[in-house]
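Step one of this worksheet: look at the structure below.
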Amino acid sequence: MVFKSIGFNSIVLAIFALVTAIILATTNDLTKERIADSERRAAQRALLEIIPLERHNNDLLMDVQPVPQQYWNLLGLKKGGNIHIARDNGQPVAAIIPAVTADGYSGDIAMIVGINFDGTIAGVRVVEHRETPGLGDKVDLKKSDWILDFNGKSLVNPSSDGWKVKKEGGEFDQFTGATITPRAVVYQILKTLQYFNDDQQRLLEQSALNTEQAAQ
Amino acid sequence: MSEVSISEVTKNGLWTNNPALVQLLGLCPLLAVTGTVVNALGLGIATMMVLIGSNCIVSLIRNHVSDAVRLPAFVIIIAAFVTCAELLMKAYTYELYQILGIFIPLIVTNCAILGRAEAFASKHPIGYAALDGFMMGLGFLLVLVVLGAIRELFGQGTLFDNMHLLFGSMADSWRIQPFGDNYSFLVVILPPGAFLVTGLLIAGKNSIDAAIKRRADAQKDRPVKGAKRIRTTGNIA
């Protein structure tokens with residue numbers, strides 16, 4: 001009797017599994033393209049905020065170079081990342097570099113830093129964080145304009161003493177009740193600028209090489 | 001099979017047996033995602049869709065699946081609907097999908113859903129099961145949205161912020177900011193605020209129920225006009 005019951009019940013469950021699999025596979029198939037498209041647009045939106053379309057005419061998502069492994073530490077990347085190069089008629093305009101700081105108040109703060117090839121910052125956006133709502137989350141452009149203060153800054157403006165929050169004698173505002181988060185962001189942006197300074201030449205050469213290959 | 005009526009099912013889902021305020025089921029998303037109206041609405045709609053779907057299918061198969069394997073079967077059905085909901089949200093409301101994150105797959109473990117499958121859908125025909133799914137889902141959704149509205153309004157001082165995530169560009173002008181630019185009240189946004197506001201909502205519902213009951217009792221006890229009164233004197237042992 002037991003075996004009969006096992007047999008019957010497994011058949012019932014197997015039918016369920018089969019029908020479910022069919023439904024899920026169909027839904028997956030129907031939504032696949034749309035999902036890929038949404039993901040692409042979401043990734044592109046942040047990039048375009050930093051380097052708007054007026055400044056470049058290449059596809060930012062396609063023009064990528066991996067971050068060399070020796071710099072992962074400096075940029076706080078654990079699994080590496082891609083640098084997007086913006087170009088206007090083939091001329092490199094700016095690089096958008098991923099960076100992560102672990103010195104935030106709760107967990108990692110992931111950002112992208114756009115740096116023009118003259119060394120000034122084109123823009124910074126925090127793309128992922130878990131900072132306290134109402135305090136540390138002001139690094140997010142949705143909550144406050146603070147992150148725009150970095151636009152136009154570079155390694156020499158302010159000088160390295162100035163790359164701190166005001167509380168520590170630097171140039172950048174902290175928030176009322178939250179010093180840790182902005183301090184972490186300021187330091188990581190400085191490190192990203194240093195990386196760019198180091199690796200700029202190679203990025204340009206590699207980028208030129210890529211263009212040549214694409215042209216052939 | 002117990003007899004049910006449409007009005008009874010409706011009242012049950014929206015008020016008497018409201019999953020969020022009375023059964024206290026599905027509190028995890030209730031507390032976690034109700035920081036703003038749009039988050040609450042997104043998760044509420046997803047939960048409602050899953051609840052309607054799973055209730056219908058469970059009701060359809062109720063006479064074909066033996067008791068021994070009914071739970072695995074229900075769980076497969078619910079998981080399938082949640083996966084569909086997740087894929088659809090990813091495709092059409094990608095930003096909202098990113099904000100809600102883990103709480104969309106977690107709908108699988110929303111006890112309100114398995115609870116209704118087991119307690120109602122597996123015992124009633126599909127029409128009633130669908131209605132029950134809709135009403136229970138709506139009851140859950142309404143509580144979620146009210147909670148989201150209160151927390152958004154008193155926490156960050158806005159109402160209907162970011163509604164474009166769900167409704168596209170037509171919702172751009174819906175945002176209201178009644179208390180000025182710099183208003184924020186941290187406790188309400190953080191998880192303790194969710195507990196506090198939920199507690200207040202439950203207390204509010206209970207006090208309304210109590211008031212209704214008092215009135216009904218008063219109605220009952222009122223002497224009927226023209227009734228003869230019996231005069232009693234002395235002690236009645």
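Restricting attention to the range A:7-44, the residues being more than 9 Å from every other protein chain (Cβ to nearest Cβ), within 22 Å of A:D59 (Cα to Cα) and not hydrophobic (A, V, I, L, M, F, W, C) number 2.
Looking for whichever is free of Cβ contacts under 8 Å to residues at least 24 places away in the same chain and part of a loop (DSSP other than H, G, I, E, B) here; the options are B:F179, B:F167. Which one fits?
Details: B:F167 fails: part of a loop (DSSP other than H, G, I, E, B).
Unique residue meeting the criteria: B:F179.
Just one of the listed residues (A:D149, A:D199) is of a type in the set (D, E, K, R) and under 30 Å from B:E152 (Cβ atoms), and it is A:D149.
Mind listing whichever residues of the range B:75-92 are among the charged types (D, E, K, R) and more than 7 Å from every other protein chain (Cβ to nearest Cβ)? Quick ask: steps written out before the conclusion?
Filtering the range B:75-92 down to residues among the charged types (D, E, K, R) leaves B:86, B:90.
Within the range B:75-92, just B:E86 meets the criteria.
Could you look through the range A:127-147, keep only residues that are hydrophobic (A, V, I, L, M, F, W, C) and within 14 Å of another protein chain (Cβ to nearest Cβ), and pick out the one that is nearest to the chain's Cα centre (by Cα)? If we take residues in the range A:127-147 being hydrophobic (A, V, I, L, M, F, W, C) and within 14 Å of another protein chain (Cβ to nearest Cβ), then A:V127 is nearest to the chain's Cα centre (by Cα).
How many of the residues in the range B:61-74 are more than 9 Å from chain A (Cβ to nearest Cβ) and small (G, A, S)?
Looking only at that region, the number is 0.
What do you reckon, is B:K90 within 22 Å of A:L30 (Cα to Cα), surrounded by fewer than 24 Cβ atoms within 10 Å (Cβ to Cβ) and basic (K, R)? Against the criterion (within 22 Å of A:L30 (Cα to Cα), surrounded by fewer than 24 Cβ atoms within 10 Å (Cβ to Cβ) and basic (K, R)), B:K90 qualifies.
Just a yes or no: is a residue in the range B:28-38 within 14 Å of another protein chain (Cβ to nearest Cβ), hydroxyl-bearing (S, T, Y) and more than 29 Å from B:T198 (Cβ to Cβ)? Full working, then the answer.
If we filter the range B:28-38 for residues that are within 14 Å of another protein chain (Cβ to nearest Cβ), which is where we start, we get B:32-36, B:38.
Restricting the remaining residues to those that are hydroxyl-bearing (S, T, Y) gives B:34, B:36.
Now restrict to residues that are more than 29 Å from B:T198 (Cβ to Cβ): none.
Within the range B:28-38, not a single residue is within 14 Å of another protein chain (Cβ to nearest Cβ), hydroxyl-bearing (S, T, Y) and more than 29 Å from B:T198 (Cβ to Cβ).
When residues in the range A:79-98 are screened for being more than 24 Å from B:E95 (Cβ to Cβ) and either touching a residue at least 40 places away in the same chain (Cβ under 8 Å) or over 13 Å from the mean Cα position of the chain (by Cα) (or both), 11 of them pass. Take A:D137 and decide whether it is in contact with an Asp or Glu (Cβ under 6 Å, 6 or more places away or on another chain), assigned to a helix (DSSP H, G or I) and not aliphatic (A, V, I, L, M). Considered against the rule, which asks whether it is in contact with an Asp or Glu (Cβ under 6 Å, 6 or more places away or on another chain), assigned to a helix (DSSP H, G or I) and not aliphatic (A, V, I, L, M), A:D137 comes out as yes. For the range B:93-115, name all the residues that are in contact with a Ser or Thr (Cβ under 7 Å, 6 or more places away or on another chain) and either among the basic types (K, R) or at the interface with another protein chain (Cβ under 9 Å from one of its Cβ atoms) (or both). Scanning the range B:93-115 gives a single hit, B:Y94.
No lab work stands behind these numbers, since they all come straight from the coordinates. None of these values were measured; they are calculated from a predicted model. Cβ atoms come from the backbone with ideal geometry, glycine included; neighbour counts cover every protein chain shown.
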